[in-house]
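Structure first, then comments.
What follows is calculated from the coordinates using simple rules that are stated; it is not laboratory data. Quick caveat, the model's predicted, so the values are computed rather than measured. Here Cβ is always computed from backbone atoms with ideal geometry, including for glycine, and neighbour counts include all displayed protein chains.
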Amino acid sequence: MPTVAVIGGGPAGLMAAEMLAQGGVQVDLYDAMPSLGRKFLLAGVGGMNITHSEPFDVFLSRYGARAAAIKPLLQGFPPDSLREWIHGLGVETFVGSSGRVFPRDMKAAPLLRAWLHRLRESGVRFHVRHRWQGWDKPGALRFSTLEGERLVQADAVVLALGGGSWAKLGSDGAWMPLLAQRGVGVAPLLPSNCGFDVAGGWSEHLRSRFAGQPLKTVALRFTAAAGQPHERRGELMLSDGGIEGSLVYALSAPLRDAIAVQGALTVQLDLAPDKTLAQVVAEVAHPRGARSLSSHLQSRAGIRGVKMALLREILAEAQLNDPAALARAIKSLPLTLVAPRPLDEAISSAGGVRFEALDNRLMLRALPGVFCAGEMLDWEAPTGGYLLTACFASGRAAGMGALEFARAAS
């Protein structure tokens, strides 16, 4: 019987293992951590967002520059098929008001438990605390274990080693030099779905009182490095030294790339996106009598709490006392971003194995019989189910490719 080694126990690796086991080969899955699916479980702590229900063309557009490379993977296992597959594990799903798809109980653990049970029943053998160290000279896989080095021979290999974020959960990017020295084309790992630091950081007052608090219903505008305008509404949050949150994560790729080219990027924050500038000017200029500026802005323009604190942080006293200048700032408050937060803090990563280094089965051209899947591939997407969907779809494709290769080699 052909044997295939799957390295990495996240969604992509587990899906590859499932395809292989269904094909009748012996599957051994190795993971460096003490248990499987750790990042998958943590991602589900706040509600397991599996995929999204929007039309396929819109869904595909979320993958930006890599949409063409991701398209055949998603066509092979689209979001609707992913939902059906989850239902087959005995886990029901529902579509939220935003179009995002969740398990009925909003948890990842029941899904993972059911999946691992089914894989074990199908003959998949799991080996934890096995950290992959590349190959020895004859071509055997090298693993460091608690008992020392272990060498493994396999007819095909699926690498699903994750990106570079959340290293404590196993995605540390340590595989990058192992592939690069074998002639595999890789792009540097970069933070994606991440926060950003502002120039000079926040004052101690703002940081101590408002870090971690959301700015709801705001809009973020900026011009990217190639001159492309971006504008998006949503919610963001003040961090200790900058901004983060869903609105920022959705724009993290063009923000990061513009900063890389320019060294810094000034964005415009609209604190009252539901009002026109003329409306804000009229509200701010309305006589306030004996009321404080904070009370006046709260009652007339809906500016309160962290929004008011941010205006005081950035504007000079003269601007705060000039109704026209203050109104313009409410509609277009400048924030200069100087750097993304470190890779290990990011929700996901960009970069990794370039698609040009792979054939249409996700096999490495430089290493026949070695397939790659998941976040270790050079793509990125915003949160909202897009990350997980592509991991599942690429794992399925790599598993099917490895199955075909192993059968032909045996």
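Which percent of Cα pairs goes in each bin when the distances of the chain are cut into 10 angstrom slices starting at zero?
Final binned percentages: 5, 21, 27, 21, 14, 8, 4, 1, 0.
Picking from Gln298, Leu269, Gly241, whose Cα lies most toward the positive end of the charge dipole for the range 196-340 (charges on Cβ: Lys, Arg +1; Asp, Glu -1)?
Selected residue: Gln298.
I want to verify the translational diffusion coefficient of the range 196-340 in µm²/s; compute it with Stokes-Einstein, Rh as the Kirkwood radius over Cα pairs, at 37 °C and 0.692 mPa s.
Estimated via Stokes-Einstein, D reaches 211 µm²/s.
Given the range 291-339 reduced to its alpha-carbon atoms as identical point scatterers, what log10 I(q)/I(0) does the Debye formula return at q = 0.17, 0.21 Å⁻¹?
-0.47, -0.71
For a quick size check, give me the Cα extents of the range 272-410 along its three principal axes, largest first, whole Å.
Principal-axis extents of the range 272-410 (Cα, largest first): 87, 25, 22 Å.
Per the helix-only calculation at 222 nm, which mean residue ellipticity applies to the chain, given -39500 (n - 2.57) for every DSSP H run of n ≥ 4 and division by its residues, nearest 500 deg cm²/dmol?
The helix contribution divided over the chain gives -10500 deg cm²/dmol.
Taking only Cα atoms, what is the 0 to 90° angle, nearest 10, from helix 79-88's long axis to the longest principal axis of the chain?
60 degrees
Just to check I understand the Karplus step: with θ = phi - 60° and J = 6.51 cos²θ - 1.76 cosθ + 1.60, what whole-Hz values come out for the range 322-334, glycine and proline as x?
Each residue's phi maps through the Karplus curve to give 9, x, 5, 5, 5, 4, 4, 5, 4, 8, 7, 7, x Hz.
Could you tell me how many cubic angstrom of Cα convex hull volume the range 191-251 has per residue?
Measuring per residue, one finds 88 Å³ for the Cα hull of the range 191-251.
Relative to the longest principal Cα axis of the chain, at what angle does helix 386-409 sit, 0 to 90 degrees, rounded to 10?
20 degrees
At what distance in nm do the modelled label points of Leu277 and Ala114 sit from each other, each positioned 7 Å from its Cα along Cα→Cβ?
A separation of 5.4 nm, rounded to one decimal place.
Counting only residues 5 or more places away or on other chains, whose amide H sits under 5 Å from the amide H of Gln133 once H atoms are built in the peptide plane?
Residues meeting the amide H criterion: Arg142, Phe143, Ser144.
Let me have the relative contact order for the chain, percent, based on Cα pairs under 8 Å that are six or more residues apart.
Reported as a whole number, the value is 26 percent.
Which one, Leu251, Ala327, Phe196, projects farthest toward the positive side of the charge dipole computed for the range 196-340 from Cβ point charges (K/R +1, D/E -1)?
Projecting each Cα onto the dipole axis, the largest value belongs to Ala327.
List, in order, the whole-Hz ³J(HN,Hα) value for each residue of the range 18-25 obtained from phi through the Karplus relation with A = 6.51, B = -1.76, C = 1.60 and θ = phi - 60°; use x for Gly and Pro.
Using θ = phi - 60°, the values come out as 5, 4, 5, 5, 5, x, x, 9 Hz.
Positive end of the charge dipole of the chain (Lys, Arg +1 and Asp, Glu -1 on Cβ, about the Cα centre): tell me which of Leu82, Val158, Ala108 has its Cα farthest that way.
My answer, from the dipole projection, is Ala108.
Nothing charged except the Cβ atoms of Lys and Arg (+1) and of Asp and Glu (-1): what's the magnitude of the dipole of the chain about its Cα centre? Round to the nearest 20 debye. Please report the intermediate quantities before stating the final value.
Numbers: 42 positive and 36 negative charges, 112 e Å.
It comes to approximately 540 debye.
Set the Förster radius R0 to 56 Å, insert the Cβ-Cβ distance between Arg104 and Ala290 as r into 1/(1 + (r/R0)^6), and round the FRET efficiency to 0.05.
After rounding, the FRET efficiency stands at 0.55.
Would you grab the residues whose amide H sits under 5 Å from the one on Leu190? Only those 5+ places off in sequence or on another chain, please, with H modelled 1.01 Å from N.
Here the answer is Ala350, Gly351, since their amide H atoms fall under 5 Å of that of Leu190.
What do you get when you divide the Cα radius of gyration of the range 1-142 by 2.2 N^0.38 Å, with N the number of residues? If you can, show how the numbers build up before the last one.
On the way: Rg = 16.7 Å, N = 142, 2.2 N^0.38 = 14.5 Å.
My calculation over the Cα atoms of the range 1-142 gives 1.15.
Amide H of Gly47 versus every other amide H placed in the peptide plane: which residues, excluding those fewer than 5 positions away on the same chain, fall under 5 Å?
Amide H to amide H, under 5 Å and 5 or more residues apart or across chains, Gly47 pairs with nothing.
When DSSP beta bridges are limited to those with both residues in the chain, what percentage is antiparallel, rounded to the nearest 5?
75 percent
GluC sites (Glu not before Pro) within the range 84-143: which are DSSP loop residues with at most 12 other Cβ atoms inside 10 Å?
Hits after loop and neighbour filter: Glu92.
Would you kindly derive the ³J(HN,Hα) couplings of the range 147-161 from the backbone phi angles with the Karplus curve 6.51 cos²θ - 1.76 cosθ + 1.60 (θ = phi - 60°), listing them in order in whole Hz, with x for Gly and Pro?
Taking θ as phi minus 60°, the curve returns 9, x, 6, 10, 10, 10, 9, 8, 6, 7, 9, 10, 9, 9, 9 Hz for the range 147-161.
What does the C-alpha gyration tensor say about the overall shape of the range 71-112? Classify as rounded when a/c is under 1.5, otherwise prolate if a/b is larger than b/c, or oblate.
Cα axes put the range 71-112 in the oblate bin.
With label points built 7 Å along Cα→Cβ from the Cα atoms of His230 and Ser332, find their separation and express it in nm.
Each label point lies 7 Å from its Cα, and together they span 1.9 nm.
Relative to the first principal axis of the alpha-carbon coordinates of the chain, what is the inclination of helix 305-314, with its axis defined by its Cα atoms, in degrees from 0 to 90 and to the nearest 10?
Helix 305-314 and the main axis of the chain meet at about 80 degrees.
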